[in-house]
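The values are calculated or read from the model by the stated rules, or taken from the named source; none is laboratory data. These numbers were taken from a predicted model, which means no experiment stands behind them. In this analysis, Cβ positions are derived from the backbone assuming ideal geometry, glycine residues included, and neighbour counts consider all displayed protein chains. For the accessible areas, the whole protein counts, side chains as well, though only heavy atoms, and no ligand, DNA or RNA atoms are used. Shrake-Rupley method; radii C 1.70, N 1.55, O 1.52, S 1.80 Å.
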Amino acid sequence: MSASCEVCALVKRVEDAVTMREAGATCIYLDAIDVEPTSGLLAHVAEEGFVPVLDEVCREPDHARLDLWVRAGLPVAVGNLSGLSLARECGALVETRSCIPVHNTSTLRLIGDLGARLAWLSPELSLDEACEFARADALPLGATVYGRPRIMTCEHCALQVAYDCDRDHVHCPHRSEAHWLVNIDGRALPVRTDACGRSRIYLDEPLDLVPYATNLAEAGVARLLVDAASTSVDEACDALARLRRALAGESVERHGIEGLAQTGVE
């Protein structure tokens with residue numbers, strides 16, 4: 001396995017971190033969108049070395065919930081430039097999520113100058129583009145090798161078109177149910193609504209770059225991530241097992257698509 005490439009997993013629940021570590025992940029990212037930042041949880045996250053992953057949307061009322069995750073000397077992955085600015089001011093070990101788009105080396109250098117220690121690449125990039133950016137050595141990079149890409153974030157709950165809504169998004173009984181938006185070509189796109197009433201729409205098929213993990217590692221990508229938040233834990237464990245085999249030099253099968261261009265979604 002490449003010594004310079006770290007195997008990571010993104011989870012929605014703290015409880016899933018143990019499973020992901022047992023499956024081979026050495027670094028855990030915690031999707032903090034629906035997680036209440038209590039003092040006990042913040043202490044546990046810091047002790048375990050988890051990396052909180054913050055929203056791509058941050059309005060004024062969101063600061064009370066999100067800013068608590070940004071702490072001096074501790075890692076955090078931010079989804080917008082205001083989060084990057086706050087992390088720099090606080091002295092946090094900040095990374096930028098793929099929703100802060102990076103499509104050239106000048107942007108990578110700028111993000112680094114603004115305080116980022118690592119940037120996560122967009123799933124819209126081709127494998128060749130990702131490797132090209134990594135070889136430029138402008139900033140350490142991370143790439144998601146398995147998971148359903150987020151196509152859109154809607155600041156209004158998509159479930160309101162199907163159900164009566166009392167605006168109590170936290171206790172909405174429908175948020176835990178499976179929902180899809182069917183687009184013009186019949187693709188059923190999963191929809192998930194958070195406690196703030198924001199809906200995220202995902203691709204119906206997982207992106208799977210696991211068979212190309214050695215290409216990314218050899219090009220210099222520092223972290224490869226399996227997304228257990230947009231897929232099931234079982235799927236993620238399978239992807240982690242394949243990822244570790246791929247990095248060890250074995251040939252592995254693909255369980256999803258190679259890129260967004262194959263779907264007609266860009």
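Taking the condition of being farther than 30 Å from residue 138 by Cα and among the β-branched types (Val, Ile, Thr), how many residues in the range 176-229 meet it?
Count: 5.
Looking at 192, 254, which is the one that is of a type in the set (D, E, K, R) and not in a strand (DSSP E or B)?
Within the list 192, 254, the selection yields 254.
Is it true that some residue in the range 105-123 is open to solvent by 40 Å² or more (accessible area, probe 1.4 Å), among the hydrophobic types (A, V, I, L, M, F, W, C) and free of Cβ contacts under 8 Å to residues at least 12 places away in the same chain?
yes
Filter the range 3-33 for residues that are among the hydroxyl-bearing types (Ser, Thr, Tyr) and surrounded by fewer than 19 Cβ atoms within 10 Å (Cβ to Cβ); which is nearest to the chain's Cα centre (by Cα)?
Step by step, filter the range 3-33, then rank; the result is 26.
To keep it simple, each residue is scored yes or no on (1) on the phi > 0 side of the Ramachandran plot; (2) more than 13 Å from the chain's Cα centre (by Cα); (3) buried (at least 21 other Cβ atoms within 10 Å of the Cβ).
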{"site": "194", "(1), (2), (3)": "no, yes, no"}
{"site": "203", "(1), (2), (3)": "no, yes, yes"}
{"site": "207", "(1), (2), (3)": "no, no, yes"}
{"site": "214", "(1), (2), (3)": "no, yes, no"}
{"site": "226", "(1), (2), (3)": "no, no, yes"}
{"site": "233", "(1), (2), (3)": "no, yes, no"}
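Name the single residue that is modelled with the lowest pLDDT among those in the range 34-58 being buried (at least 22 other Cβ atoms within 10 Å of the Cβ) and in a loop (DSSP other than H, G, I, E, B).
55
Looking only at the range 186-197, decide whether some residue is at pLDDT 90 or above, closer than 18 Å to residue 228 by Cα and of a type in the set (S, T, N, Q).
Yes - at least one qualifying residue is present in the range 186-197.
Say we look at the range 124-177 and pick out the residues that are open to solvent by 20 Å² or more (accessible area, probe 1.4 Å) and of a type in the set (Gly, Ala, Ser); which of these is nearest to residue 78 (Cα to Cα)?
Of everything passing the filter in the range 124-177, 138 is nearest to residue 78 (Cα to Cα).
Yes or no, residue by residue, for (1) over 25 Å from residue 15 (Cβ atoms); (2) touching a Leu at 6+ places or on another chain (Cβ under 6 Å); (3) modelled with pLDDT of 95 or more:
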residue: 173; (1), (2), (3): no, no, no
residue: 181; (1), (2), (3): yes, yes, no
residue: 204; (1), (2), (3): yes, yes, no
residue: 212; (1), (2), (3): yes, yes, yes
residue: 239; (1), (2), (3): no, no, yes
residue: 262; (1), (2), (3): yes, no, no
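Residue by residue through the range 91-128, note down the ones that are outside any loop (DSSP other than H, G, I, E, B), at pLDDT 95 or above and either under 17 Å from the mean Cα position of the chain (by Cα) or closer than 21 Å to residue 213 by Cα (or both).
Scanning the range 91-128 gives 93, 94, 95, 96, 118, 119, 120.
Which residues, taken from the range 59-90, are charged (D, E, K, R), touching a residue at least 24 places away in the same chain (Cβ under 8 Å) and outside any loop (DSSP other than H, G, I, E, B)?
62, 65, 88
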